[in-house]
């Protein structure tokens, strides 16, 4: 398992939707020979993944011969809004407005918008800070045990 993105940090978006990527994330991508990543929206947050992982995901979705209406709607949002992003020399990416809107991140003119960038090993997520802080962590110990994961903390 690749552990490219393991740290999380609070960041600010400017009113144009530009985000300064954490330096460690850019370095991890560049060490892999990558200068871009794919960004989409899933269930109220932005999800960034490696190009190879995105390609695998697209192949699997494309292989579904008769998707249900719910799956068609899911694909329309997930695939239709996805963007391949590259960062500037300063390390900033501009997140398209439709993705921000879908994730509930609404930059205000002349103001910075706070987000949480969350490392998730081979991908990372971008959450509206208030939405992230409102997450109630539930007891998932039974689900982990059912999946053969013994979490000892």
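The values are calculated or read from the model by the stated rules, or taken from the named source; none is laboratory data. Nothing here was measured: the structure is a model prediction, and the numbers come from that model. Cβ atoms come from the backbone with ideal geometry, glycine included; neighbour counts cover every protein chain shown.
Of note:
Here's the yes/no breakdown for (1) modelled with pLDDT of 95 or more; (2) within 17 Å of residue 48 (Cβ to Cβ):
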site	(1), (2)
87	yes, yes
109	no, no
117	yes, yes
122	no, yes
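- Residue identified as in contact with a strand residue (DSSP E or B) (Cβ under 7 Å, 6 or more places away or on another chain) and outside any helix (DSSP H, G or I) among 39, 34: 39
- Residue in the range 76-83 that is touching a helix residue (DSSP H, G or I) at 6+ places or on another chain (Cβ under 9 Å), assigned to a strand (DSSP E or B) and loosely packed, with under 15 Cβ neighbours inside 10 Å present: no
- Selection within the range 1-36 - loosely packed, with under 15 Cβ neighbours inside 10 Å and more than 17 Å from the chain's Cα centre (by Cα): 1, 15, 16, 27, 30, 31, 32, 33
- Here residue 107 meets each of (1) over 18 Å from residue 18 (Cβ atoms); (2) in contact (Cβ under 8 Å) with a residue 12 or more places away in the chain with one exception, condition (1).
- Residue list for the range 105-148, restricted to those being assigned to a loop (DSSP other than H, G, I, E, B), exposed (fewer than 14 other Cβ atoms within 10 Å of the Cβ) and touching a strand residue (DSSP E or B) at 6+ places or on another chain (Cβ under 8 Å): 106, 112
- Search result, residues across the range 50-65 that are within 19 Å of residue 31 (Cβ to Cβ) and either touching a strand residue (DSSP E or B) at 6+ places or on another chain (Cβ under 6 Å) or surrounded by 14 or more Cβ atoms within 10 Å (Cβ to Cβ) (or both): 50, 51, 53, 54
- Single residue of the range 84-104 satisfying the filter (under 13 Å from residue 20 (Cβ atoms) and touching a residue at least 60 places away in the same chain (Cβ under 8 Å)) that is surrounded by the fewest Cβ atoms within 10 Å (Cβ to Cβ): 90
- Residue 47 passes every criterion in (1) over 16 Å from residue 120 (Cβ atoms); (2) not in a loop (DSSP other than H, G, I, E, B) apart from (1).
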